[in-house]
Structure formats: C-alpha cells, structure tokens
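Asks: Okay, handing you the structure first.
The values are calculated or read from the model by the stated rules, or taken from the named source; none is laboratory data. Given the structure is predicted, the values throughout are model-derived calculations rather than measurements. Cβ: placed from backbone, ideal geometry, glycine included. Neighbour counts: every protein chain shown.
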Amino acid sequence: MKRQAKLREQFSTFIWKLKNMKKPREKKSSSSVPRASRPHAPGYGLPKGSKGLLPWSWAEQRLKKSHSYWITTVKTGSTANDCAPHTMVVWGLWQDGRFLFSTGSQSRKARNLAQNQNCIVCTEKANEAVIVEGVAEIADVASRREFLPVYERKYKFDMKGMKDDILSMKEPVFALRPRVAFGLWEKYFATKTTRWKFDSGT
C-alpha cells in the first residue's frame, strides 16, 4: 500500500510539472529565416567567410522529409552520477518552424522534459544531417489539431484511439522551439557546413 501511495504521489507530481511547463510562445511566420554563419569548430579547417553557406531551405527540406528522428533529452538527478543523456528514435513533424512529437506521459523522454526542457533533435540521415538544439514546450490545442491529420498522413498511422487524450492535454505533445541548428553535408563538409541562429522569440 505504501508503494502504491508513493507511485500515485510521483505520478501526480509529474503531471503537475507537465502542466506547469513553459507555454509555447506565439508562433512566428514560417517565412522567418534564421541567421546563417560558420560553426565554431577549431581544427576542422572550415573557411571563415560566408561563401558556400547552406540556405535554411536546405535544412527545412530535410526536417520535413525525415521519416524518423533522433531526440536527446537529459535525465536530471541529485548527483552527477544521476544525470545522463537519453537518446531515442521518434516520429514527428517540422511544423510552423518547430519540431512537434508525441510521447507517452510516463516515457523517459517526457519525464526528462518535465525536469529539463532543453533537448536536441536530429534528422535520420547522418550524411546530410540537420541538428536542432532548443527548448521543448507543451504544444497548445491549436497546434495539436494541426499536427494530428498531417501526422496520420505522413506515417499512415491511425491516431483515433489517442486523439481525445491528445486534444484534452492528457497526453503530451511537445514542440521544440529552436535556438540554434547545424547543417552538415558530408559530401561538402569542408565548404558548406553551416550554423543557423534563431531569434529568441522563435
């Protein structure tokens, strides 16, 4: 009985943290383009100028077309040994300048994000990689309504059994708001490797 009571208390605390996560900012126009520059990579021989930088459209195309994505969250603990990165494969959508994905409320990803909203998402093809660092916020209902039908078409996956819980906010859908992104095209690594910085209001 004591164990069940403790589990109920932990679950209630987790739900409270999810509900009190930072709410998403007002969506910016998808036409907003982040600032391109060279990443700081001493020893890799990257040129200093802007010639050859990849356009943001190159990254967005791959963010939209990727079937699976790698997402890394951070487990927070009371000691250094308790803190550890956690990487998992997810399905998701690049939607209105953010990366949206759903997950179970008791998954390690969701529990990590309830403690620490910083995370990284990467596209599936490492030879044309797009890496996005940012903050995962709880997606609002309007974003979820837009997300569901597009997600179903992309993955040919019936979401009817989860739709009510997703739209009632019982199950989390996260929206990663990017701060910085990197484009690494293996074939042209020395000349085209690019970093994009986003405005704080993205």
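Asks: Do we have Ala175 as buried (at least 19 other Cβ atoms within 10 Å of the Cβ), small (Gly, Ala, Ser) and assigned to a helix (DSSP H, G or I) here?
Replies: No: the conditions fail for Ala175.
Asks: Return the pairs, sorted by first residue and then second, in which the second residue is assigned to a helix (DSSP H, G or I) and surrounded by 15 or more Cβ atoms within 10 Å (Cβ to Cβ), the first residue lies in region 113-129 and is at positive phi and of a type outside the set (Ser, Thr, Tyr), the beta carbons are less than 6 Å apart, and the residues are 6+ apart or on different chains.
Replies: That search, which allows pairs on different chains as well, returns nothing.
Asks: Does Val132 satisfy the criteria of being out of contact with any Phe, Trp or Tyr (no Cβ under 8 Å at 6 or more places or on another chain), touching a residue at least 24 places away in the same chain (Cβ under 8 Å) and within 24 Å of Phe198 (Cβ to Cβ)?
Replies: Details: out of contact with any Phe, Trp or Tyr (no Cβ under 8 Å at 6 or more places or on another chain): no; touching a residue at least 24 places away in the same chain (Cβ under 8 Å): yes; within 24 Å of Phe198 (Cβ to Cβ): yes.
For Val132, the condition - out of contact with any Phe, Trp or Tyr (no Cβ under 8 Å at 6 or more places or on another chain), touching a residue at least 24 places away in the same chain (Cβ under 8 Å) and within 24 Å of Phe198 (Cβ to Cβ) - is not met.
Asks: Just need a number here: residues in region 29-61 that are over 14 Å from Phe198 (Cα atoms) and aromatic (Phe, Trp, Tyr).
Replies: So the answer is 2.
To keep it simple, each residue is scored yes or no on (1) in contact (Cβ under 8 Å) with a residue 40 or more places away in the chain; (2) out of contact with any Leu (no Cβ under 7 Å at 6 or more places or on another chain).
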| site | (1), (2) |
| --- | --- |
| Ala136 | yes, no |
| Glu146 | yes, yes |
| Gly161 | no, yes |
| Asp164 | no, yes |
| Leu176 | yes, yes |
| Val180 | yes, yes |
| Leu184 | yes, yes |
| Lys187 | yes, yes |
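Asks: Moving on to the next point. Can you give me the number of residues within region 81-110 that are surrounded by 15 or more Cβ atoms within 10 Å (Cβ to Cβ), part of a strand (DSSP E or B) and of a type in the set (Gly, Ala, Ser)?
Replies: 1
Asks: Still on this structure, I have one more. Quickly run through region 52-80 and pick out the residues that are closer than 19 Å to Ala181 by Cα, assigned to a loop (DSSP other than H, G, I, E, B) and touching a residue at least 24 places away in the same chain (Cβ under 8 Å).
Replies: Gly52, Leu53, Leu54, Ser66, His67, Ser68
Asks: I'd like to know if region 73-88 contains one or more residues that are at pLDDT 95 or above, among the polar types (S, T, N, Q) and under 17 Å from Tyr155 (Cα atoms).
Replies: For region 73-88, residues at pLDDT 95 or above, among the polar types (S, T, N, Q) and under 17 Å from Tyr155 (Cα atoms): absent.
Asks: Is it true that some residue in region 145-154 is more than 17 Å from the chain's Cα centre (by Cα), closer than 24 Å to Arg108 by Cβ and among the hydrophobic types (A, V, I, L, M, F, W, C)?
Replies: No - not one qualifying residue is present in region 145-154.
Asks: Tell me, yes or no, whether region 129-144 has at least one residue that is exposed (fewer than 13 other Cβ atoms within 10 Å of the Cβ) and at pLDDT below 95.
Replies: no
Asks: Within region 116-144, count every residue that is over 12 Å from the mean Cα position of the chain (by Cα) and under 10 Å from Thr73 (Cα atoms).
Replies: Qualifying residue count for the region: 1.
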